[in-house]
Amino acid sequence: GLKFALASSNSKSMMITSCAPGDGKSFIALNLALLYGQVGAKVLLVDADMRRGFIRRYFGMDAKQPGLSDFLSGSAENCICHFEDKHIDVVFAGRFPPNPAELLESNLFLEFLEDAERHYDLVIIDTPPTLSVSDPAIIGQKVGVSLLVVRHLHTTMADIVAAQKTLTTAGVKLSGIILNQFD
């Protein structure tokens with residue numbers, strides 16, 4: 001289904017968000033990137049949660065590792081880390097800036113995304129939760145596929161409807177929902 005959604009959008013980028021913290025969006029984004037990398041796709045995983053991003057922890061990286069915020073603010077030229085053993089490339093969140101939404105609204109972010117789509121088969125963007133900040137609405141306008149992660153027996157229907165309404169109001173169409181932590 002994901003392949004068809006990407007093909008119909010004429011884009012190689014997808015956003016993975018959730019309603020609230022702890023729903024497992026970063027875990028899903030990372031594992032999806034690893035899965036695609038293992039089957040031979042050239043994958044870029046981007047941690048766009050410039051407020052609390054912690055994909056770096058999965059790789060044992062320091063919080064001072066230059067990342068997306070550093071690139072968008074002009075303090076780093078290249079923020080892509082190559083992990084040959086995992087068959088993926090990663091852009092960590094970087095230092096937490098005071099203005100993440102402004103950085104994401106910049107032309108530089110759009111150029112970054114367009115360049116990534118030219119060089120990768122798949123670009124997966126892990127965003128902050130939709131009901132917490134405006135970042136997913138900003139990013140969702142620039143990607144081909146938007147997925148919402150919901151946690152089984154935790155995320156309420158009201159949260160899902162509110163997240164969908166927030167994204168729809170911003171012009172973002174949800175491509176699907178991933179049910180996480182289902183036992």
Checklist outcome for this item: Among residues of segment 65-92 being touching a Lys or Arg at 6+ places or on another chain (Cβ under 7 Å) and not in a helix (DSSP H, G or I), the residue most open to solvent (accessible area, probe 1.4 Å) is 65
Checklist outcome for this item: Going through (1) in contact with a Phe, Trp or Tyr (Cβ under 9 Å, 6 or more places away or on another chain); (2) surrounded by fewer than 22 Cβ atoms within 10 Å (Cβ to Cβ); (3) over 17 Å from residue 16 (Cα atoms) one by one, residue 121 fails only at (3)
Checklist outcome for this item: Restricted to segment 75-89 and to residues being touching a residue at least 24 places away in the same chain (Cβ under 8 Å) and within 16 Å of the chain's Cα centre (by Cα), the residue farthest from residue 109 (Cα to Cα) is 88
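Residues checked against (1) modelled with pLDDT under 95; (2) surrounded by fewer than 19 Cβ atoms within 10 Å (Cβ to Cβ); (3) on the phi > 0 side of the Ramachandran plot; (4) touching a Gly at 6+ places or on another chain (Cβ under 7 Å):
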position: 100; (1), (2), (3), (4): yes, no, no, no
position: 110; (1), (2), (3), (4): yes, yes, no, no
position: 125; (1), (2), (3), (4): no, no, no, no
position: 130; (1), (2), (3), (4): yes, no, no, no
position: 145; (1), (2), (3), (4): yes, no, no, no
position: 153; (1), (2), (3), (4): yes, yes, yes, no
position: 158; (1), (2), (3), (4): no, yes, no, no
Item to check | Complete set of residues in segment 55-64 that are open to solvent by 40 Å² or more (accessible area, probe 1.4 Å) and in a loop (DSSP other than H, G, I, E, B) | outcome: 60, 61, 62, 63, 64
Next on the checklist: Just to be sure before I move on: is residue 52 part of a loop (DSSP other than H, G, I, E, B), touching a residue at least 40 places away in the same chain (Cβ under 8 Å) and open to solvent by 100 Å² or more (accessible area, probe 1.4 Å) in the structure I sent?
Outcome noted: yes
Item to check | Some residue of segment 17-24 being assigned to a loop (DSSP other than H, G, I, E, B), open to solvent by 50 Å² or more (accessible area, probe 1.4 Å), over 28 Å from residue 182 (Cα atoms) and not basic (Lys, Arg) | outcome: no
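The values are calculated or read from the model by the stated rules, or taken from the named source; none is laboratory data. On a predicted model such as this, the values are computed, not experimentally measured, just so you know. Because the Cβ atoms are built from the backbone with ideal geometry, glycine has one as well, and the counts that use them run over all protein chains shown. Heads up: the accessible areas ignore ligands, DNA and RNA and are worked out on the full protein's heavy atoms, side chains in. Shrake-Rupley method; radii C 1.70, N 1.55, O 1.52, S 1.80 Å.
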